[in-house]
Amino acid sequence: MNLERCFSGLLLAAAVFLLYLAWGYTAPISYDPLGPRPYPVLILSLLAVSCLFLVIRRNSEVIDLGYTPNMLKKLGICLAALLLYAVLFELLSFPLATALMAFTVGTLFGGSFKACALSGIALGVGFYLLFDRLLDVPLPVGFFG
């Protein structure tokens, strides 16, 4: 069994478990005739069907993904940056946490320091203005508020 099938099997198990949790989700306030359930159920169902296809398909040619130690190191740093983003999201504020995460991921992809810093700041401030001001989605302001 190759790595692709193992990962697809684990992802299938996770999708089925999350589908079970999403099926019982109801909102206390009915703002939509269908409620909040259809979107996660649809996405998780598509994920489960796709993973099932990858697990049971007959053509099992081995695909060389070209993982090198340098690439695995970058993937680990990217995963750590995303985890820190989730942890520090409310503490630092949305704009600052987003800018730091975008800067880190940008430098991992080979961007220059200046370009990554400017794009990180633009993403953090731009998305904050878009969601908080235009779409009325309250975002944490951390120690700025």
Per-region count, region 74-91, residues open to solvent by less than 80 Å² (accessible area, probe 1.4 Å) and at pLDDT 90 or above: 7
Verdict on Val49 being among the β-branched types (Val, Ile, Thr), under 30 Å from Val16 (Cα atoms) and out of contact with any helix residue (DSSP H, G or I) (no Cβ under 6 Å at 6 or more places or on another chain): yes
Hits in region 55-73 - residues which are assigned to a helix (DSSP H, G or I) and loosely packed, with under 15 Cβ neighbours inside 10 Å: Ile56, Pro69, Asn70, Met71, Leu72, Lys73
Which numbered condition Ala97 misses (of (1) open to solvent by 70 Å² or more (accessible area, probe 1.4 Å); (2) on the phi < 0 side of the Ramachandran plot): (1)
Residue in region 104-115 that is hydrophobic (A, V, I, L, M, F, W, C), touching a residue at least 12 places away in the same chain (Cβ under 8 Å) and open to solvent by less than 90 Å² (accessible area, probe 1.4 Å) present: yes
Identity of the residue in region 128-145, touching a Ser or Thr at 6+ places or on another chain (Cβ under 6 Å) and outside any loop (DSSP other than H, G, I, E, B), that ends up least open to solvent (accessible area, probe 1.4 Å): Gly142
Restricting region 34-73 to residues that are within 16 Å of the chain's Cα centre (by Cα) and at pLDDT 90 or above, the residue that is nearest to Leu3 (Cα to Cα): Leu47
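The values are calculated or read from the model by the stated rules, or taken from the named source; none is laboratory data. Remember, predicted model here, so these are calculated numbers, not experimental data. A quick note on method: Cβ atoms are made from the backbone with ideal geometry, for glycine too, and the neighbour counts reach across all protein chains shown. With ligands, DNA and RNA removed, areas are computed over all heavy atoms of the protein, side chains included. Shrake-Rupley method; radii C 1.70, N 1.55, O 1.52, S 1.80 Å.
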